[in-house]
Amino acid sequence: RAEALGRQYHKQYGNCAQCAIAALQDAMPFAPDSGLIFLAGSCLHGGATKTGNANCGAFTGGGIVIGCLCGRPRERFADRNAGALSARLMNEVAARFEQTYGSVLCRDVRAKVGGSCSGVVRRAAGWTTEAILKQFAKT
């Protein structure tokens, strides 16, 4: 479901980061549904800069949701290992980006897909969902 929503939202609204966040929020009932999380993605599309030299917005949007689910909370700020799970899940998603696009950088991903990013948002939402569900299905 996250994949279909990611593609649909990107085609309809644009902003790959916010579309990935919205797709994950809408597809996973346990994902944090705060408007602030969605708002945080508003400046992260297109590699967050006109140069595209930063991470793909869909990748970053997925990271925001991963961080909200299992990242290091402020009350554990001093514990450098408290974010280990979120880092591991992001590395899983990054590996999928690397396999498919050769990079997580916006400009590289866009070049690989000819500037058509709806499929990228679809895949990013799917890969993020898979990483999260795989982790939380284990116990």
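Tabulated values for the structure
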{"quantity": "Sites excluded, trypsin sites (Lys or Arg not before Pro) in DSSP loops with at most 11 other C-beta within 10 Å, longest stretch of the chain", "calculated": "81-137"}
{"quantity": "Computed E for LYS134/ARG107 - FRET, C-beta separation, R0 35 angstrom, nearest 0.05", "calculated": "0.75"}
{"quantity": "Additional length obtainable on full extension of the chain from ASN91 to ALA4, 0.36 nm per residue less Cα span", "calculated": "29.0 nm"}
{"quantity": "Per residue, in Å², the accessible surface of the chain once ligands and nucleic acids are set aside, probe 1.4 Å", "calculated": "53 Å²"}
{"quantity": "Size of electric dipole in the range 88-139: Cβ of Lys, Arg +1 and of Asp, Glu -1, about Cα centre, debye, nearest 20", "calculated": "60 debye"}
{"quantity": "Ratio Rg/Rh, restricted to the range 10-68 and using Cα atoms, in which Rh is the Kirkwood radius", "calculated": "0.96"}
{"quantity": "Theoretical FRET efficiency, 1/(1+(r/R0)^6), r = Cβ-Cβ of GLN12 and CYS43, R0 25 Å, to 0.05", "calculated": "0.80"}
{"quantity": "Relative contact order (%) - criterion: Cα under 8 Å, at least six apart; region: the chain", "calculated": "32 percent"}
{"quantity": "Neighbourhood net charge (14 Å Cβ-Cβ; Lys/Arg +1, Asp/Glu -1) for ARG7", "calculated": "+2"}
{"quantity": "Equivalent ellipsoid semi-axes, the range 9-139, via Cα gyration tensor eigenvalues times 5, rooted, Å", "calculated": "23, 16, 15"}
{"quantity": "Whole-angstrom gap from the range 91-139 to the range 1-80, using each part's C-alpha centre", "calculated": "12 Å"}
{"quantity": "Options ASN53, MET90, VAL65, ranked by Cα towards positive dipole end of the range 31-139, top entry (Cβ charges)", "calculated": "ASN53"}
{"quantity": "Check: the chain dipole with +1 on Lys, Arg Cβ and -1 on Asp, Glu Cβ, in debye", "calculated": "200 debye"}
{"quantity": "Inter-probe distance in nm under a simple model that places probes 7 Å from Cα toward Cβ, at ARG74 and LYS50", "calculated": "3.5 nm"}
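The values are calculated or read from the model by the stated rules, or taken from the named source; none is laboratory data. From a predicted model like this one, the values you see are computed outputs, not experimental measurements. Please note: Cβ atoms are built from the backbone with ideal geometry, for glycine as well, and neighbour counts cover all protein chains shown. Note: accessible area is taken over every heavy atom of the protein model, side chains too, but ligands, DNA and RNA are not part of it. Shrake-Rupley method; radii C 1.70, N 1.55, O 1.52, S 1.80 Å.
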